[in-house]
């Protein structure tokens with residue numbers, strides 16, 4: 001069993017990693033933080049929610065089907081509990097390596113949003 005000091009250290013680390021992820025997301029152009037029924041901390045590009053937090057250690061990310069399959073195959077993401085059919089995956093952020101992998105997935109999700117919006121505009 002962990003003593004109180006170890007629990008505080010783990011919680012501080014999780015909060016620091018979460019802040020690192022937040023800063024990364026906010027550095028992406030045209031991203032908006034909005035309230036969403038899934039999370040009070042959801043990140044959007046246009047109308048598309050591409051990432052949202054569930055507490056300091058969990059984030060859900062919306063990927064393309066191909067990206068989702070790769071993230072699951074390589075074990076850098078977990079199956080999403082409620083909407084895997086929409087490309088959602090879940091990530092646990094407890095280590096620096098998990099944070100780096102999560103940022104890569106977030107970048108993929110963001111790039112997909114940009115691509116979809118660009119294609120939609122081109123089709124008009």
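The values are calculated or read from the model by the stated rules, or taken from the named source; none is laboratory data. What you see is a predicted model, and the numbers here were worked out from it, not measured in a lab. FYI the Cβ positions are ideal-geometry reconstructions off the backbone, even for glycines, and counts take in every protein chain you see.
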Residues of the stretch 81-94 satisfying the condition of being touching a helix residue (DSSP H, G or I) at 6+ places or on another chain (Cβ under 8 Å) and in a loop (DSSP other than H, G, I, E, B): 87, 93, 94
Expected output for the stretch 51-69 (first residue more than 13 Å from residue 106 (Cβ to Cβ), partner part of a helix (DSSP H, G or I), Cβ below 7 Å, 6+ apart or cross-chain) is 56/14; 56/15; 56/18; 57/14; 64/112
Every listed condition ((1) under 20 Å from residue 115 (Cβ atoms); (2) crowded, with 16+ Cβ neighbours inside 10 Å; (3) more than 12 Å from the chain's Cα centre (by Cα)) holds for residue 72 save (1)
Is it the case, given these coordinates, that residue 123 is at pLDDT below 95 and loosely packed, with under 11 Cβ neighbours inside 10 Å? yes
Evaluate the following for residue 57: is it under 17 Å from residue 96 (Cα atoms) and in contact with a strand residue (DSSP E or B) (Cβ under 7 Å, 6 or more places away or on another chain)? yes
If I filter the stretch 102-118 for residues that are modelled with pLDDT under 95, part of a loop (DSSP other than H, G, I, E, B), touching a strand residue (DSSP E or B) at 6+ places or on another chain (Cβ under 6 Å) and surrounded by 15 or more Cβ atoms within 10 Å (Cβ to Cβ), do I get at least one hit? no
Per the list (1) in contact with a strand residue (DSSP E or B) (Cβ under 9 Å, 6 or more places away or on another chain); (2) modelled with pLDDT under 95, residue check on residue 77 breaks on (2)
Counted residues in the stretch 13-29 being in contact (Cβ under 8 Å) with a residue 24 or more places away in the chain and within 20 Å of residue 116 (Cα to Cα) come to 2
